[in-house]
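The values are calculated or read from the model by the stated rules, or taken from the named source; none is laboratory data. None of these values were measured; they are calculated from a predicted model. Here the Cβ is made from the backbone with ideal geometry for all residues, glycine too, and neighbour counts use every protein chain on show. For the accessible areas, the whole protein counts, side chains as well, though only heavy atoms, and no ligand, DNA or RNA atoms are used. Shrake-Rupley method; radii C 1.70, N 1.55, O 1.52, S 1.80 Å.
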Amino acid sequence: MIAVVGHRDLTAPTLALLEEELSWRLAEFARAGRAGLVRAGRGLPVAFGRAARAAGLALVTVLPSKNGVPEVLESCDRRAAGELLLLSEQVRLLEYDPSDRDACVRADESLLRSCARLLAVWDGSPSNSRDATAHLVAFARTSGIDVDVLWPEGAGRTEPGTPGMERRLERGGRRYRSLPA
């Protein structure tokens, strides 16, 4: 099984770049009879789901649940979850509260335990109160899971609280600058 994790605040052009790159990467896993695993949500999970479908890779989508009943996702994630369900060959329920960041991180750790490979869309930044990508990469590596870090040329993240601005990783370093979207 192959999973994907990454920043939730990727720009639309970044998601388009990633969907294309993921399609060709996932084709190799599809030929090997593997499946992709993603926790339902907007942004990267949908790009991964679309790429999995394009590559012929079976997709497993994980939904939050409470006492065996699916939990209601945040309104911004509902449409994305619906698309992922349509793209999926299998749906799994996992007990966690989708509105609790720590519960989501524990859910991701649980999912990673069933995977042989992780595709991490990560700009190299440390984890913080909003983003746990660095933590999940470290968790996977210490758990013996193969990790491929993806950060395509030109990738960017939206800058919180600054409409129309994005943060881009400078090539060859860890310096950031704000640019118009």
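Take Thr61 and tell me if it is in contact with a helix residue (DSSP H, G or I) (Cβ under 6 Å, 6 or more places away or on another chain), surrounded by 14 or more Cβ atoms within 10 Å (Cβ to Cβ), among the hydroxyl-bearing types (Ser, Thr, Tyr) and farther than 20 Å from Phe139 by Cβ.
On the way: in contact with a helix residue (DSSP H, G or I) (Cβ under 6 Å, 6 or more places away or on another chain): yes; surrounded by 14 or more Cβ atoms within 10 Å (Cβ to Cβ): yes; among the hydroxyl-bearing types (Ser, Thr, Tyr): yes; farther than 20 Å from Phe139 by Cβ: yes.
Answer is yes for this residue.
Within the stretch 105-127, is there a residue that is on the phi > 0 side of the Ramachandran plot and in a loop (DSSP other than H, G, I, E, B)? Steps first, please.
Restricting attention to the stretch 105-127, the residues satisfying the condition of being on the phi > 0 side of the Ramachandran plot are 124.
Still in the running and in a loop (DSSP other than H, G, I, E, B): 124.
The answer is yes, given that some residue of the stretch 105-127 is on the phi > 0 side of the Ramachandran plot and in a loop (DSSP other than H, G, I, E, B).
From the list Glu71, Glu28, Glu95, Glu83, pick out the single residue that is within 23 Å of Trp151 (Cβ to Cβ) and either of a type outside the set (Val, Ile, Thr) or within 17 Å of the chain's Cα centre (by Cα) (or both). Even if it seems obvious, please write down each step before you answer.
Working: Glu71 fails: within 23 Å of Trp151 (Cβ to Cβ); Glu95 fails: within 23 Å of Trp151 (Cβ to Cβ); Glu83 fails: within 23 Å of Trp151 (Cβ to Cβ).
Testing whether each residue is within 23 Å of Trp151 (Cβ to Cβ) and either of a type outside the set (Val, Ile, Thr) or within 17 Å of the chain's Cα centre (by Cα) (or both) leaves just Glu28.
Count, please, the residues in the stretch 17-54 that happen to be open to solvent by 20 Å² or more (accessible area, probe 1.4 Å) and touching a helix residue (DSSP H, G or I) at 6+ places or on another chain (Cβ under 7 Å).
Number of matching residues: 11.
Please enumerate the residues belonging to the stretch 56-72 that are in a loop (DSSP other than H, G, I, E, B) and in contact with a Ser or Thr (Cβ under 8 Å, 6 or more places away or on another chain).
The first filter runs over the stretch 56-72 and keeps only residues in a loop (DSSP other than H, G, I, E, B), leaving 56-57, 67-68, 71-72.
The one that is in a loop (DSSP other than H, G, I, E, B) and in contact with a Ser or Thr (Cβ under 8 Å, 6 or more places away or on another chain): Glu71.
Mind checking which pairs have a first residue in the stretch 13-34 that is outside any helix (DSSP H, G or I) and a second that is open to solvent by less than 50 Å² (accessible area, probe 1.4 Å) and β-branched (Val, Ile, Thr), Cβ under 6 Å, 6 or more apart or different chains?
Going by the 6 Å Cβ cut-off, the qualifying pairs are Arg34/Ile2.
Of all the residues that make up the stretch 122-144, how many are more than 21 Å from Asp102 (Cβ to Cβ) and in contact (Cβ under 8 Å) with a residue 24 or more places away in the chain? Lay out the reasoning, then the answer.
Just the residues of the stretch 122-144 that are more than 21 Å from Asp102 (Cβ to Cβ), to begin with: 123-124, 144.
Then keep just the ones that are in contact (Cβ under 8 Å) with a residue 24 or more places away in the chain; that gives 123-124.
Final tally of qualifying residues: 2.
Looking only at the stretch 100-127, which residues are in contact with a Leu (Cβ under 9 Å, 6 or more places away or on another chain) and farther than 24 Å from Asp148 by Cα? So that I can check it myself, show each step before the final result.
Step one: of the stretch 100-127, the residues in contact with a Leu (Cβ under 9 Å, 6 or more places away or on another chain) are 105, 107-112, 114-115, 118-125, 127.
Matches in the stretch 100-127: none.
Taking Asp100, is it open to solvent by 50 Å² or more (accessible area, probe 1.4 Å) and at pLDDT below 95? Break it down stepwise before answering.
Values: open to solvent by 50 Å² or more (accessible area, probe 1.4 Å): yes; at pLDDT below 95: yes.
When the stated conditions are applied, Asp100 passes them.
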